[in-house]
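Here's the structure, in structure tokens; my notes come after.
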Amino acid sequence: LHLLSRRQRQMCIRDRLLRVSAENKFGKKSQVRLETELRDGKVILSDVYFTAPFKVMLPFYVRPDYMQVMVLSASAGIMEGDDQEFDLHIKENTSMEYLSQAYEKIHKMKEGMARRHTKIVVEPGAYLKYAPLPTIPFKDSAFENSLDIRLKDRTSRLLFQEILSCGRAARGEAFAYRFYHNRVSVYQNEELIYLDNTRYDPKLFQMEGLGMYEGFTHLLNLVFFHIEKSEDWMGQVRDLLDEREDIEGGVTRISNGDAAVRILGRSAEALLKISEDIQNLREV
């Protein structure tokens, strides 16, 4: 904090006090717990638990051993004081795709903030595609999001996707939120293999500037954990990105050799489309 101006320090301290004082309007944590299991060659939800405002739909089956699970919300979005906790346990040799109902709207907040913590465990031989729809932080919203992901070994596979918009740009609310903090930690055998600690504070940073969104409005992160991708595949991704004039992005390898893609764009739909195209690329 000593590198910030007096006003910036005051605003940081105020936000910290808000985090302590924020109250959940539901009176307790809003929770979702899902656990998969393989029975007679078919993957099922062996444990389902949820509280207001969430509900879990019956799974859609792509194959007997692969299901899609959608979480519904009776709320219009994330509200001031919301305190949410998600727990996904993908057990051995099961495959699941996690879907959200709609774009995640983080609504305007008078003084407080909202929180969400997600814990994910992927057992050996299991696969999870975690790809909720994009997040839209409204003007004056404040949100802290954390994901703690545990991959048991190299056979635990995860496709992780997240898309964050600048806000409702068409209404003049680009980067008008108070703050958006997002921490993603991925472990393999208790060893940290990926950490993305994003702290977007428009009052502190020039969000449209160099090193941030650089004139774009939407950000896509796409990481393939323990899903083998060759150098040829990475070349195909670079060629695909070079062909698109409305986006800027790149592909690289993280410390354990897995592939990560990060792309800036000007619409959520465009990023969803390019993400789908990248996932559909085939090794030559």
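The values are calculated or read from the model by the stated rules, or taken from the named source; none is laboratory data. In this text the structure is predicted, and so the values were computed from the model without any measurement. In this analysis, Cβ positions are derived from the backbone assuming ideal geometry, glycine residues included, and neighbour counts consider all displayed protein chains. Note: areas computed on protein heavy atoms with side chains; ligands, DNA, RNA excluded. Shrake-Rupley method; radii C 1.70, N 1.55, O 1.52, S 1.80 Å.
With the highest mean first, a sort of the peptides 86-93, 45-52 on other beta-carbon atoms found within 10 angstrom per residue produces 86-93, 45-52.
Can you give the calculated 222 nm mean residue ellipticity of the chain, where each DSSP H run of n ≥ 4 adds -39,500 (n - 2.57) and the sum is split over every residue, rounded to the nearest 500 deg cm²/dmol? Computed ellipticity for the chain at 222 nm equals -4500 deg cm²/dmol. For the chain, a/c is not less than 1.5, where a ≥ b ≥ c are the root eigenvalues of the C-alpha gyration tensor, and a/b does not top b/c. That puts it in the oblate class.
Measuring nothing but protein heavy atoms, the accessible surface of the chain at 1.4 Å probe radius is 49 percent carbon and sulfur. In a shell of Cβ-Cβ distance under 12 Å around residue 279, excluding residue 279 itself, what net charge do Lys and Arg (+1) and Asp and Glu (-1) give? Neighbour charge sum, excluding residue 279 itself: +1.
Residue pairs exceeding 29 angstrom between C-alpha atoms, taken from 108/229; 105/203; 119/229; 55/119: 108/229. Candidate cross-link partners of residue 29 among the aspartates and glutamates, defined by an alpha-carbon separation under 16 Å and a same-chain spacing of 8 or more, comprise 80, 82, 83, 85, 87, 144.
Taking every protein chain into account, the accessible area of the chain amounts to 50 square angstrom per residue (probe 1.4 Å).
Computed from the Cβ-Cβ distance with R0 of 35 Å, the FRET efficiency linking residue 146 to residue 63 stands at 0.65.
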